[in-house]
Every structure is written in C-alpha cells, then in structure tokens.
Amino acid sequence: MDTEVIPQKPVPLWRNRDYLLLWLGQAVSSLGTRLTQFAFPLLMVGLTHSIAAAGLAYGLEQLPYALFSLPAGALVDRWSRKRVMIICTLCLMLCVASIPLTLLLASGQLRLLLLYGIAFSLGTISLFYEMAELAALAWVVPKTQLTTAVAQNEFVYSSCSLLGPALGSLLFSVARLLPFVTDALSSLILLSSLLFIRSPMQDERRTERHHLLLEVREGLTWLWEHVVIRSIFLISSYVNFTITASVLLVLAIVQQQHIPSVLYGLIVAAGGVGNLLGTALCPPLQRRIRIGLALGCTLVVFVLLWPLYGFITTPLLLGAVFAGIALSDSIRAIFMDSYRFAVVPDALQGRVSGVYRVILFSVLTIGSSALGLSLEHLGVLPTVGIVWSGLLLITGFLFLSRHMRQATFPQE
C-alpha cells in the first residue's frame, strides 16, 4: 500500500545555524567595507588635493569587475566556495590593513602607486568573494526562503549605507587611519564566522575539468537558453544604471538650485529609508503575487516617478521622489536576485553571476559616461527624457513578454 510522502517544512532562518553565521559575519563586514569606501576617497583627496586621484582609485577598484567576471565565475564554480570565501576574507583584511602601513612607511609617488595597487587588489578580491558568497547563500537557504534571505541581505546593505558615512566621517575625524583599522577588524569577525560554518555550501563537484573557456561557454549557453533569466539581467542592468543616474541628477539639481550640502545628504539618506521599507515589504509580497507582476509594478513606479526629476526643485519633494524610486528598486532587486538564485543550477551559479557582472558593469561604465556628457551639454530635463525613454521600453517589453508575465518562483 502506497503512503503519501509529506514534505518537511524548512527550518526557520533564525534556526539555520550556517545561514546565521554567514549573515551575521557579512553584516559586520559590510559595515566595515562601507567605512573604507567612504574614507578612501577622502584619504586620496587629502594626500593629493585632487578629486581626479580619488576618481582614479575608485575606477581601479571597479575595473576588475569588468575584466575578470567571466573567468572568476568559472573558477568559483570549480573551487570550494567555503575555501574561496575564507582566503578572500583573509586577503581583504591584509589589503585594508596595508593602507595604514603604506601611509606610515612610504611617501611621494611610491605611496600613491601602492594605494592605487591596493584599490585594484580590493576590487579583484571582492569580486571573487561576492561570487562565492552569493552562490553559497543560494545553497544554504531553501528555495522557499530565498526571498526572505535576500531581503535580509538587502536590509544589511541599506543599513550600512545609512550608518557607514556617518560613522566613517566620525572615525576619520578622530584619526584618518581609524576607518581602515576598523574595517580590518570587521574582516576578522567575518573570518571567524566562516570558520565555524559546518556545511560545504555547495553540491559535490564533478572531478573532470575542461578548458576554462569551455566552462565559461557552458555558462553563456545555459543563460542564452533561459529567456527569463536573460531578460532579468538586461532589465536589472538598465535599472541599476537609472539608480546611478538618479544620484547624479539630484546632485545636478542641488547645484543648480544652490541647495545646501546638508540637505543633499538628507535627500540621499531618504533613499536609504526607501530601501529599508522596500526590504520589509518583499517577503509578504512574494507570498501573494508572482514575480512577473511584481517586477511590472516596480517598473511602472519608475516610469511614473522618473519624469518628476525634470520639474521638481525643492529638497522635500526631491527626497520623496528619491525614496519612492529606492523603495521600488529594493523590491525589484530582491525579487530578481531571489529568482536567479532559485533557478540557476548550483554548479553554474558562479559563471552565470559572472556574465551578469560583465553586462552590469559594461552598462554602468558606458551609461555613466554618456549621462555625464548629457547633463553637461544638454541639461537636466533632456537627460531625464532620454533615461525615461529607456524605462518605457523595458517596461513595455516586460508586459509584452509572455515568459516574463508567467514567471513564478520554483519550489523545492
């Protein structure tokens, strides 16, 4: 006589030991990373009295994402994720700790070259860590809980975005090396949490090895055959560009209207509040509506709010629009990331993530440069119209695509 097999209910996230260790360690480390990201440009400007030098350091930190994402994804899929995360955390700690040593032991052009090298190294190591960490999260957390887990990660990043600049400025005012020392200590806490995780954070890997380019091609082929994931990557890349454009547009409006810098900070902080609200809304929304409808609604909010940048000049309304866009973007990002982690096979997580980063950073690099030229030569209103046209196109595509409208989260 056949008996019905009743699936076991997943363990709540707060009782998932490995997830808690990963999440708590990452939360502390993310705050430390924000301190370095805030203090490093200030340090470069203080040493060189040149904003261009700070911009070059920032560019060098982002460059590895465009150069190495594809091979890094394939290598992360080959290697032990846990080992990659432990080694990368140790290397990040040493890199950040080397900033104070460089300031104390080197001077002149040598000091600048070493700092630029540290910036490039931080970007490279962070790329490998992020790919391994995101893939590990998709393995540690059951598919039915991925939206909640991604939302909790987004909560950490949003909170760090709010707290990081304030805490970083305080520490930098006490001693310019203090933010970097604090970041190094936060990496030590993350390293300790990783060492206590028991699970391998990945399925058993195949023993045979192919050429690296063939493994990269395997990830590209899988992505090309999956319309929804491919569409999500393209939509997500453009929406991420609009968030960068939003920050630059608000800055341009602030300068034109001679709004005090303190109010500009409050406008940007309103975006952090919007992110936190969007994070809180995601888990209940995921249980009630399918992903296609949720993404469509968030894009409609973008389409409705974005043109207001061309006409609004008061700080209060600018903050409200910025917060509304940030809230919508948080929901969009959490739904898209949760769906990607749930659908992509465990053995391909790194490679598919690598393809996404190549697309994303290519769009951000080219788009941000074009946006700056548009703001300088055309002005705010025409630039708003150009970006809005792109939002209309991707929103129309989403509603016309049958695959996107019918997409649902897979179950266990």
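Scan segment 76-90 for residues that are open to solvent by 30 Å² or more (accessible area, probe 1.4 Å), in contact with an Asp or Glu (Cβ under 9 Å, 6 or more places away or on another chain) and under 14 Å from I197 (Cβ atoms) and report the count.
Just the residues of segment 76-90 that are open to solvent by 30 Å² or more (accessible area, probe 1.4 Å), to begin with: 78-80, 82-83, 86-87, 90.
Of the ones still in play, those that are also in contact with an Asp or Glu (Cβ under 9 Å, 6 or more places away or on another chain) are 78.
Narrowing further to those that are under 14 Å from I197 (Cβ atoms): none.
So the count comes out to 0.
Scan segment 224-243 and tell me whether some residue there is touching a Gly at 6+ places or on another chain (Cβ under 8 Å), open to solvent by 40 Å² or more (accessible area, probe 1.4 Å) and either touching a residue at least 60 places away in the same chain (Cβ under 8 Å) or outside any helix (DSSP H, G or I) (or both).
Yes.
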Only one residue in L371, L398, L391, L381 is in contact with a Gly (Cβ under 6 Å, 6 or more places away or on another chain), open to solvent by less than 20 Å² (accessible area, probe 1.4 Å) and either among the polar types (S, T, N, Q) or in contact (Cβ under 8 Å) with a residue 12 or more places away in the chain (or both), so which one is that? L398
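Is it fair to say R351 is within 30 Å of T221 (Cα to Cα) and either open to solvent by less than 10 Å² (accessible area, probe 1.4 Å) or under 14 Å from the mean Cα position of the chain (by Cα) (or both)?
Working: within 30 Å of T221 (Cα to Cα): yes; either open to solvent by less than 10 Å² (accessible area, probe 1.4 Å) or under 14 Å from the mean Cα position of the chain (by Cα) (or both): no.
Here the answer is no, as R351 does not meet what is asked.
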Name every residue in segment 308-343 that is open to solvent by 30 Å² or more (accessible area, probe 1.4 Å) and either basic (K, R) or over 26 Å from T408 (Cβ atoms) (or both), in order of residue number. L308, F311, T313, T314, P315, L316, L317, A320
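Answer yes if at least one residue in segment 328-340 is farther than 27 Å from H226 by Cα and assigned to a helix (DSSP H, G or I), and no otherwise.
no
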Go through (1) modelled with pLDDT of 85 or more; (2) in contact with a helix residue (DSSP H, G or I) (Cβ under 6 Å, 6 or more places away or on another chain) for R83 and report which single condition fails. (2)
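Assess whether G385 counts as being modelled with pLDDT of 85 or more and among the small types (G, A, S).
Details: modelled with pLDDT of 85 or more: yes; among the small types (G, A, S): yes.
Yes; evaluated as a whole, the condition is true for this residue.
F180 - would you say it is in contact (Cβ under 8 Å) with a residue 60 or more places away in the chain and open to solvent by 40 Å² or more (accessible area, probe 1.4 Å)?
Numbers: in contact (Cβ under 8 Å) with a residue 60 or more places away in the chain: yes; open to solvent by 40 Å² or more (accessible area, probe 1.4 Å): no.
So F180 fails the test.
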Count of residues meeting criterion [of a type in the set (A, V, I, L, M, F, W, C), open to solvent by less than 40 Å² (accessible area, probe 1.4 Å), more than 15 Å from D329 (Cβ to Cβ) and in a helix (DSSP H, G or I)] in segment 141-167: 4
Determine, yes or no, whether S80 is within 20 Å of the chain's Cα centre (by Cα), within 22 Å of M201 (Cα to Cα) and among the hydroxyl-bearing types (S, T, Y). no
Any chance segment 129-140 includes a residue that's farther than 21 Å from D77 by Cβ and either among the aliphatic types (A, V, I, L, M) or surrounded by 15 or more Cβ atoms within 10 Å (Cβ to Cβ) (or both)? no
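Out of curiosity, is I197 open to solvent by less than 20 Å² (accessible area, probe 1.4 Å) and under 23 Å from K82 (Cα atoms)? Write out each step before concluding.
Working: open to solvent by less than 20 Å² (accessible area, probe 1.4 Å): yes; under 23 Å from K82 (Cα atoms): yes.
Criteria met by I197.
If I filter segment 10-17 for residues that are buried (at least 20 other Cβ atoms within 10 Å of the Cβ) and either in a helix (DSSP H, G or I) or in contact with a His (Cβ under 6 Å, 6 or more places away or on another chain) (or both), do I get at least one hit? Explain how you work it out, then say what you get.
First, pick out the residues of segment 10-17 that are buried (at least 20 other Cβ atoms within 10 Å of the Cβ): none.
No; the residues of segment 10-17 include none that is buried (at least 20 other Cβ atoms within 10 Å of the Cβ) and either in a helix (DSSP H, G or I) or in contact with a His (Cβ under 6 Å, 6 or more places away or on another chain) (or both).
The values are calculated or read from the model by the stated rules, or taken from the named source; none is laboratory data. Values in this document were obtained by computation on a predicted structure and should not be read as measured data. Cβ coordinates were reconstructed from backbone atoms using ideal geometry, including for glycine residues, and neighbour counts include every protein chain displayed. These accessible areas exclude ligands, DNA and RNA; they are computed on the full protein's heavy atoms, side chains included. Shrake-Rupley method; radii C 1.70, N 1.55, O 1.52, S 1.80 Å.
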